[in-house]
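Working notes for the structure below.
Only the coordinates and a few stated rules stand behind these numbers; no lab work does. Model, not experiment: these values are computed from the prediction. Cβ atoms come from the backbone with ideal geometry, glycine included; neighbour counts cover every protein chain shown.
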Amino acid sequence: MPVTPMLLNIDESRAVEALRELAQKLDGAPCEVVLDFSSVQRVDSSVIDALADLARIANKNDKATKLVLRNVNVNVYKVLKLVKLTGRFAFVS
């Protein structure tokens, strides 16, 4: 089964909207979604909620969707680890 790769640059000012739009586009087909967080310096609770929803939707279909966070700031990673979201994503630099 071929895996469709997707790359999405996340802008800190539109992070929540971009993550929610992506969650609506996931259709259960196998794909790898790479989210570039290089421009995100901090996350608030709404971004964390959007990431949690995205992970829930992606894992709903027998983990057919792989979520990869790229270029995550150390402080953002610490927040994701604190709220126990790091296990739901792969991380690359």
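Below are the figures for this structure:
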item	result
Greater than 20 Å apart at Cα, pairs in LYS60/LYS84; LYS25/LYS84; LYS25/LYS66	LYS25/LYS84
Nitroxide proxy distance, nm - points 7 Å out along Cα→Cβ at THR4 and TYR77	3.1
Among (1) 1.71; (2) 2.16; (3) 0.99, the entry derived from the coordinates for Cα Rg over 2.2 N^0.38 Å	(3)
Karplus 3J(HN,Hα) series, Hz, for region 15-22 with 6.51 cos²θ - 1.76 cosθ + 1.60 (x for Gly, Pro)	4, 4, 4, 5, 5, 5, 4, 5
Estimated inter-spin distance, ARG88 and ALA23, nm [label 7 Å along Cα→Cβ]	0.8
Inter-label distance, nm, simple model (7 Å from Cα along the C-beta direction), SER13/LYS66	3.4
